[in-house]
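Visitor: One structure, as structure tokens, below. Some questions next.
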Amino acid sequence: MKMIDYNKSIIYILYSHNTENVHIGTTTQSLSQRKAQLKHYCDAKPRNNKLIKEILDHSHSMRILERYPCSDIEHLRDRLEYYIDLYQTGKLKKPTKITIKKTSFKLSVTD
């Protein structure tokens, strides 16, 4: 079994341009690999992945929220929960303008 390198962890947002649908997730792959994997899951089990399929079937974007090197899945899940909480409380919105901070390699999301 291949070991997962959590030092390559990324927290991303996948969002629709036409609706309020948003998926916040994690990966240790590139975004293009993760998007292909999500499409495969949606084709295999569309009922279980209805929200993601709805986003991918229409105009959408996928952006990195944070590159988050960590040691294990628990730390990554904790950080994912942080971003989900931000979104649910309205402190994180769907991106309309993306600014890259050169010093930290994190994205700053602004309206």
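Read-outs throughout are calculated quantities, based only on the coordinates presented, and are distinct from any laboratory measurement. Everything numeric in this text was worked out from a predicted model, so none of it was measured. Here the Cβ is made from the backbone with ideal geometry for all residues, glycine too, and neighbour counts use every protein chain on show.
Rundown of residues vs (1) touching a residue at least 60 places away in the same chain (Cβ under 8 Å); (2) part of a loop (DSSP other than H, G, I, E, B); (3) surrounded by 18 or more Cβ atoms within 10 Å (Cβ to Cβ), yes/no style:
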residue: Asn7; (1), (2), (3): yes, no, no
residue: Ile13; (1), (2), (3): yes, no, yes
residue: His23; (1), (2), (3): no, no, yes
residue: Gln29; (1), (2), (3): no, yes, no
residue: Gln37; (1), (2), (3): no, no, no
residue: Asp43; (1), (2), (3): no, no, no
residue: Leu51; (1), (2), (3): no, no, no
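Visitor: A further question follows. Looking at segment 78-90, I want the residues that are free of Cβ contacts under 8 Å to residues at least 24 places away in the same chain and have a partner that is assigned to a loop (DSSP other than H, G, I, E, B) with Cβ atoms under 6 Å, at least 6 apart or on another chain. Which pairs are those?
Guide: Sorted first by the residue in segment 78-90, then by its partner, the pairs are Leu86/Leu92.
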